[in-house]
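Below is one structure, written out as structure tokens; the observations come after it.
Derivation of every value follows stated rules applied to the coordinates shown; laboratory data play no part. Since this is a predicted model, take the numbers as computed values, not measurements. Neighbour counts run over all protein chains shown; Cβ positions are idealised from the backbone, glycine included.
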Amino acid sequence: MQPDSRFTGKSLSFWADVKKISEACGYTVKPVPPATGRIRVHTLAEIAAGYIKLNLDWSHLATLVGTTYSPTPYGQDVLDYLAHRAAALASAPALLMDASQAKIEFDAMKATKAAWNCPFPMNKQKGALMRQPAYLTGLVNMILEHNLGGLSVNYNPTTLTAVTRNRRPLRTMSRRVDGAFPRPVNPTAIWEIKEYYYTTTFGSRIADGVYETLLDGMEIQEMSIAEGVKIHHCLIVDARDTWWSTGGRPYLCRMVDMLHMGYADEVMFGREILTQLPVLVHQWIADHAANVLLHPGDILPA
């Protein structure tokens with residue numbers, strides 16, 4: 001998923017309304033069973049009622065004549081975005097995989113070569129059932145190896161991501177990321193992978209993972225604005241039960257919000273990596289070559 005240009009470059013107050021409406025009126029419709037729930041598209045009446053309950057003014061969003069609500073131009077923008085977010089996530093359940101489906105894709109791709117150079121890390125959860133390959137990470141690593149054609153890539157950086165100018169640190173990010181091309185110093189692209197196939201409840205650790213990606217995105221955006229540095233930032237998530245059935249749908253909404261706020265360039269759900277990640281990798285290769293020419297003293301060839 002990439003951002004819809006209609007909703008990029010919006011003010012922070014626009015996103016303040018989007019998030020407050022989502023909080024006040026709910027992110028999802030909650031039928032029984034909850035796994036069938038949809039992303040909510042709010043009406044003006046629901047929004048006004050939610051704001052009144054919170055003692056907030058809603059006149060910038062709508063006008064009321066009699067019993068009829070009419071959106072202001074700004075309010076229509078907000079409504080259009082909320083409808084877009086719901087429509088964009090309608091395909092998520094079909095893209096997100098469970099462990100058995102991810103294993104099928106992982107085994108099929110791994111069988112296409114006799115030997116791979118990329119690592120195949122194991123899932124970190126304990127127990128015989130959960131002591132399996134990290135299927136999504138393995139798929140990402142194989143796609144990278146196949147499409148990079150021998151170029152350098154760091155599949156598991158153990159240092160903080162940093163950008164230099166004239167061989168001096170210009171920015172050092174707060175967190176280690178899951179992968180960097182070609183390396184975590186002056187990367188052209190970084191990515192985060194969130195796979196939770198064996199999780200039965202949606203807990204704070206998973207929510208924190210989303211907020212960590214938000215922090216990365218805010219630091220990258222600051223670098224872009226202040227220093228003209230462009231780093232491609234991707235978030236890759238999987239596990240249908242976790243993200244769709246057990247409380248994760250509001251966080252999927254927040255991912256779409258992050259995407260349009262400019263804190264991520266791409267969000268990929270499950271099997272979406274099979275078609276979209278190769279396209280991105282070839283774009284990264286072209287952009288890295290341009291960076292080497294622009295900053296020859298800092299950007300090493302891949």
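The rule of thumb for compact globular proteins, 2.2 N^0.38 Å, goes into the C-alpha radius of gyration of the stretch 1-91 1.12 times.
Note on the stretch 236-302: Cα Rg divided by 2.2 N^0.38 Å, N the number of residues, gives 1.49. With a threshold of 24 Å on the Cα-Cα distance, the over-threshold entries among 19/103; 124/194; 30/124; 113/230; 110/194 are 19/103; 30/124; 113/230.
Under the membrane-span-like helix rule (DSSP H runs whose alpha carbons stretch at least 24 Å along the helix axis, mean Kyte-Doolittle hydropathy 1.6 or higher), the chain yields none.
The calculated FRET efficiency for residue 56 paired with residue 131, based on their beta-carbon distance and R0 = 35 Å, is about 0.10.
When the chain is fully extended, how far beyond the present Cα-Cα distance does residue 74 get from residue 158, taking 0.36 nm per residue of separation? Between residue 74 and residue 158, full extension yields an extra 25.8 nm.
A straight Cα-to-Cα reach below 15 Å connects residue 10 with the aspartates and glutamates 77, 80, 257, residues fewer than 8 places away in its own chain not being considered. Entry note, the chain: the mean residue ellipticity at 222 nm calculated from DSSP H runs of n ≥ 4, each adding -39500 (n - 2.57), is -14000 deg cm²/dmol after division by the residues and rounding to the nearest 500.
Sequence-distant contacts, meaning Cα pairs under 8 Å at least 6 residues apart, place the relative contact order of the chain at 20 percent. Using a simple spin-label model with pseudo-atoms 7 Å out from Cα toward Cβ, residue 207 and residue 100 lie 3.1 nm apart. Short-range pairs are left out: with C-alpha atoms under 8 Å and at least six residues apart, the relative contact order of the stretch 170-212 is 24 percent. In the stretch 96-294, the alpha-carbon atoms span a convex hull of 119 Å³ per residue.
For the stretch 1-116, averaging the sequence separation of C-alpha pairs within contact (under 8 Å, six or more residues apart) and dividing by the residue count gives a relative contact order of 20 percent.
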